[in-house]
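Enquirer: Have a look at this one before I ask anything.
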Amino acid sequence: MNISELFYKHHLNALILFLTYIIIALCLFSGCVDEKTPVQSPAQNITEPLKTDVVIPVNSPSDLVSSNVMTKKNGVPAGGLIYEGLLTKNRNGVYEPGLAESWDVSDDAKTWTFHLVHNATWHDGVPVTSADVKFTNDFLKSNNLTMGFVLSDVSSVTCPDDYTVVFNLKNAYSVWPDRLAQSPGIGVYPKHIFEKIQDPKTYKDTQFIGTGPFKFDKSESGYFRVSKNDKYRGEDPKISGVILKLITNQDSQILALKNGEIDIVSDITPAVADSLRNEPNIGVITIPATTGYELGFTMIQYPTNLSSFRHAMSHTIDRDTICTVLGNARPTNTTFLMPEVAGAYVNPNDTGMYDYNLSKAREELKQAGFIQDGQGILRGPDGNPVELFLPIGGKASTGVSEKIVTALRNDWATLGIQIKTTKYDDESQYRKAIDKGNLFIDGMPSILHDDPDDLVDFAVTPLQEKNYYNFNNSEFNALTVKVRNTVNKEERKGIGYQMQDILADNVPTVPICSTDSYDAFRTDRFTGWEKLVNYTSIQDRKVLTSLQPVSRS
Amino acid sequence: MWGSYLSRRLIYSGFAFFISISISFFIIHLMPGDYITNYLLSLGNVLPQETIDQFYREFGLNLPLSDQYCIYIQNILRGEWGYSYQYSVQVLPLILDKLFWTLIILVPATGMGICFGMILGAYSGWKARTTQDLACFNMMIIIRAIPSYWWAIMTITIFGYSLKLFPISGYTSISILYSGINIGDVMHHAILPIAVLTLTITAGNYYLMRNSMISVIGEDYITTARTKGLDEHSILWRHALKNASLPVITMATLQCASIVTGSIFVETIFSWPGIGLLTTEALKARDLPLLEGIFLLDTLVVILANLTADTLYPLIDPRVGKGVDE
């Protein structure tokens, strides 16, 4: 029967209606599948090597390893499958050896000496020497390559012998290994290959010769595979390789995990984590205290330029309600944003001063000349209503800021404070908007808040002409220099305490809470994902080398 | 006569091209945010001014916008499309690579969408105000009213996850890493994106064809054909359909030009490595040379498609050509 006959016999109507019913029925019943339906793992329908390949999704094509590690972040040590750096730092604040097996620092914290491992080789068999480390520094800087900024504190690098590297810094820097290890850190690149590159900015690497436990195997659009490096000096990976697979949206990643197409999904929301806990063959791991949230004040705008106003506002944050709304958060009652990771560096005297107390806030506002009129509107000393602008964006923009603002808005309304918000999708625009606003909510990764040196975020230095808060306190600025000059841990702790006292007096920011993050993984493929608790990335080689195929364990 | 007509069309197209790329250049450059700041903030919380200044100098972003525009036009005339910040490769080969993958889903989807839209629209218009027409019309309203990304998510959930008939995402399975590309595997991956695109394109063409058919069946020559005793089948296929198809040709050529806009959502949701996904990523990263290249390509295709439509129209309907020439 052809289509024209259908037209004339009026059957098309029935056909259309039938198809409509089918589509509606499929939509309605799509969620009613048998949860115990066996899933097909990648190993079941592909070739043999895949059975022990770990498949990890990436969100963007640019997250697949770049063809040029010198201008992109893919060559950095944390999460570097192919390239290694001198050292890494785990989530507990402990440095772990990389290409350097040990290191020491001079008393003035200006000269750092790294002792390299003796048995490291590049993937092509050439031994790794101190010349490679010196080359990396010189090459990045002489060619003005983007990642060179990581080594901007270095004035020169010398190599007393093949396995000793000395970094001479421009200024004292007691926690300089942080710069080498994280955010983003820097890898070491092969001199014997990179020195032949004519134009490093347009160079397209096709070999990816590194030193790590995995070596480059193959790259296709949307896929990147590294295979186990059999000659790796360290722990022998139990998996045959790692495949990075492009899946651009997290909903599809979750479905792919359920279907067994991938092995892990990171940074899922608490709601998704809860829904996955009961799924067969799927485990969920909680990574504690990964992000700290704060309410920052812009100290160049009225009325947040007034210390008394900021002090009063510090009592308006109902952390318990916020933590309940967020679901995966714990209140922070210190001046240090991430007390869980800062540990002993947290000043106990500066704990609990930002308590939630609206009566106290109202009283402090009154003393500062901010009085509620008959209509409940808070008016400042100039007689004008208090209206605050809070730009939303940045690292906390994934819905968390909005939730925190919603919780804050009610209390601020009872104090007669109006709040205006604008969302910025672009990070640089958001940063500019902060200067024009009064308040901002920022989410900071824990790795940037585990040491007094991280309090430099509040300082003004020759390298940081202004900070997000527009806070400029000469005593605090001097202490940031002092803490960088001080190697002794106890002395650094004392300086850190003084810095926290100044922050508590001036209130450039009020820490709110810290949140956990969740990763979901397949339990029927590999064991060992629990190690993620100690590392910041699902691509961390320490995690991947510790994985074991389920059949082996 | 034809030579003069074509010359005029070519000159108009040249103007349109120049104005379009100028507008897109300024819109792209006036977008808030910049690549290097976003990139550095993604690495950590540091913004070394020296690195930012170096990047601006390297890509000429420190120059006044008018100077940047002049350089851009000169580069285009020299055939230089620039260098992607994000991917560290030349823009043109990158775009052409992605264009290939977009065309794999867009060409069949556009073809089927136009065919289905014309057939259903013609039938619906021919049977206007009958129950068949209403059923068709309402179904198309539902299809059109629901955004394409919702259809994409539903098809993934139903056919990819629940029924496990098709892959959830990507253009090929992991086996490409071991045994190379497999056409059958690519086609298997392409079915859902093509189906979703076809669905949305069908609905757009359906309305146009239905309206066109309704206006045609009221024409005198249809009444004349009926009074001459021609059967309905002949009137539909020989007279009505041919004349009602004219507006759809314009629509079809413009649809061929929708390389970027046509598949952004579908490619992003299906992780299909085409121009749509490339555009989304370039926008997110503020990769200006890549965005300029994509819009340049889109402008070229739209203008070429319009030129083709302008050239085809007088051939299909001589009255149009006459009108222009006179």
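Enquirer: Under 5 Å between amide H atoms, partner at least 5 residues away or on a different chain: which partners does A:Tyr189 have, H built in plane at 1.01 Å?
Expert: Those qualifying (amide H under 5 Å, at least 5 residues apart or on another chain) are A:Thr136.
Enquirer: Let me ask something else. Provide, for q = 0.16 Å⁻¹, the log10 of I(q)/I(0) from a solvent-free Debye sum over equal Cα point scatterers in region B:142-214.
Expert: For region B:142-214 at q = 0.16 Å⁻¹, log10 I(q)/I(0) is -0.65.
Enquirer: Let me ask you something else. If each Cα of region A:368-503 is one equal point scatterer, what is log10 of I(q)/I(0) from the Debye formula at q = 0.11 Å⁻¹?
Expert: Here log10 of I(q) over I(0) equals -0.56.
Enquirer: Between A and B, buried accessible area summed over both sides at probe 1.4 Å, in Å² to the nearest 100?
Expert: Accessible area lost upon association: around 6000 Å².
Enquirer: When the accessible area of region A:381-453 is computed with all protein chains present and a 1.4 Å probe, what percentage of it is carbon and sulfur?
Expert: Solvent-exposed carbon and sulfur of region A:381-453 make up 49 percent of the total.
Enquirer: If you don't mind, another one. Of the accessible area of region B:91-325, with the probe set at 1.4 angstrom, what percent is carbon plus sulfur?
Expert: On region B:91-325, the fraction of accessible area on carbon and sulfur atoms equals 70 percent.
Enquirer: Just tell me how shielded A:137-145 is by partners: mean number of partner chain Cβ atoms within 10 Å of each residue's Cβ, no decimals.
Expert: That works out to 1 on average.
Enquirer: Moving on to the next point. Over region A:406-553, average the accessible area per residue using a 1.4 Å probe and give it in Å², no decimals.
Expert: 39
Enquirer: Let me ask something else about it. Convex hull over the Cα atoms of the protein assembly as shown, averaged projected area in nm²?
Expert: Dividing the Cα hull surface by four gives the mean projection, 44.5 nm².
Enquirer: Per residue of chain B, what 222 nm ellipticity follows from adding -39500 (n - 2.57) for every DSSP H run with n ≥ 4, rounded to the nearest 500?
Expert: -23500 deg cm²/dmol
Enquirer: Under the Kirkwood approximation for Rh and a Cα-based Rg, what ratio Rg/Rh is obtained for chain B?
Expert: That ratio equals 1.05.
Enquirer: Rounded if a/c is under 1.5, else prolate if a/b beats b/c, else oblate: with a ≥ b ≥ c from the C-alpha gyration tensor eigenvalues square-rooted, which is region B:74-203?
Expert: It is oblate, given that a/c is not under 1.5 and a/b is not larger than b/c.
Enquirer: Moving to a separate point now. Any idea what log10 I(q)/I(0) is at q = 0.13, 0.17 Å⁻¹ for region B:137-273, Debye with uniform C-alpha scatterers and no solvent?
Expert: Reported log10 I(q)/I(0), two decimals: -0.71, -0.94.
Enquirer: Just to check I understand the Karplus step: with θ = phi - 60° and J = 6.51 cos²θ - 1.76 cosθ + 1.60, what whole-Hz values come out for region A:112-129, glycine and proline as x?
Expert: Listing the rounded values in order: 10, 10, 10, 9, 7, 5, 8, 10, 7, 10, 6, 4, 8, x, 6, x, 8, 10 Hz.
Enquirer: Follow-up question, since we're still on this one. With only alpha-carbon atoms in the gyration tensor, what are the semi-axes of the equivalent ellipsoid for region A:435-553, in Å, largest first?
Expert: Listed largest to smallest, the semi-axes of region A:435-553 are 39, 18, 12 Å.
Enquirer: Check every DSSP H run in chain B and write down those whose alpha carbon atoms cover 27 angstrom or more along the long axis and whose mean Kyte-Doolittle hydropathy is 0.0 or greater.
Expert: B:2-30, B:91-126, B:183-216, B:288-316
Enquirer: Per residue, how many Å² of accessible area does region A:207-350 show with a 1.4 Å probe?
Expert: Roughly 34 Å² per residue, with all protein chains present.
Enquirer: Separate question: How big, on average over all directions, is the shadow cast by the Cα convex hull of region A:503-553, in nm²?
Expert: 5.2
Enquirer: Hey, another quick one. Which three semi-axes in whole Å describe the equivalent ellipsoid of region A:289-515, each the square root of 5 times a Cα gyration tensor eigenvalue, listed largest first?
Expert: Here the semi-axes work out to 28, 19, 18 Å.
Enquirer: Based on the Cβ-Cβ distance from A:Asp382 to B:Phe18, what FRET efficiency comes out when R0 is 45 Å, to the nearest 0.05?
Expert: Working from the Cβ atoms, E equals 0.25.
Enquirer: Right, something else. Return the sequence-ordered ³J(HN,Hα) values of region A:159-164 in whole Hz as given by the Karplus equation 6.51 cos²θ - 1.76 cosθ + 1.60 applied to θ = phi - 60°, using x for Gly and Pro.
Expert: 10, x, 8, 5, 10, 10
Enquirer: If you don't mind, there's one more thing I want to ask. What is the set of long-range amide H partners of A:Thr486 at a cut-off below 5 Å, with H atoms built 1.01 Å from backbone N?
Expert: Correct list: A:Ser174.
Enquirer: How long is region A:366-437 along each principal axis, judged by its Cα atoms, biggest number first, in Å?
Expert: 40, 23, 18
Enquirer: Quick one: accessible surface of A:Thr414, probe radius 1.4 Å, all protein chains present, in square angstrom to the nearest 10.
Expert: So the heavy atoms of A:Thr414 present about 70 Å² to solvent.
Enquirer: Between the DSSP loop rule and a limit of at most 15 other Cβ atoms within 10 Å, which GluC sites (Glu not before Pro) in region A:222-298 are left?
Expert: Sites meeting the loop and neighbour criteria: A:Glu235.
Enquirer: Only helical DSSP H runs with n ≥ 4 go in: add -39500 (n - 2.57) per run for chain A, normalise by residue count and round the 222 nm mean residue ellipticity to 500 deg cm²/dmol.
Expert: -8000 deg cm²/dmol
Enquirer: Further, regarding this structure: How large is ³J(HN,Hα), in whole Hz, for each residue of region A:399-413 in order, when computed from phi with the Karplus curve 6.51 cos²θ - 1.76 cosθ + 1.60 and θ = phi - 60°, using x for Gly and Pro?
Expert: x, 5, 4, 4, 5, 5, 4, 4, 5, 6, 4, 4, 5, 5, 5
Enquirer: Return the long-range amide H neighbours of A:Glu101 (sequence gap of 5 or more, or a different chain), with a cut-off of under 5 Å between placed amide H atoms.
Expert: Excluding prolines and chain starts, which carry no amide H, the hits are A:His115, A:Leu116, A:Val117.
Enquirer: Where the accessible area of region A:65-194 is counted over protein heavy atoms with a 1.4 Å probe, how much of it, in %, is carbon and sulfur?
Expert: That share works out to 50 percent.
The values are calculated or read from the model by the stated rules, or taken from the named source; none is laboratory data. Because the structure is predicted, anything quoted here is derived from the model rather than measured. Every residue, glycine among them, receives a Cβ derived from its backbone with ideal geometry; neighbour counts consider all protein chains shown. To get the accessible areas, we keep the full protein, side chains included, count just its heavy atoms, and leave off ligands, DNA and RNA. Shrake-Rupley method; radii C 1.70, N 1.55, O 1.52, S 1.80 Å.
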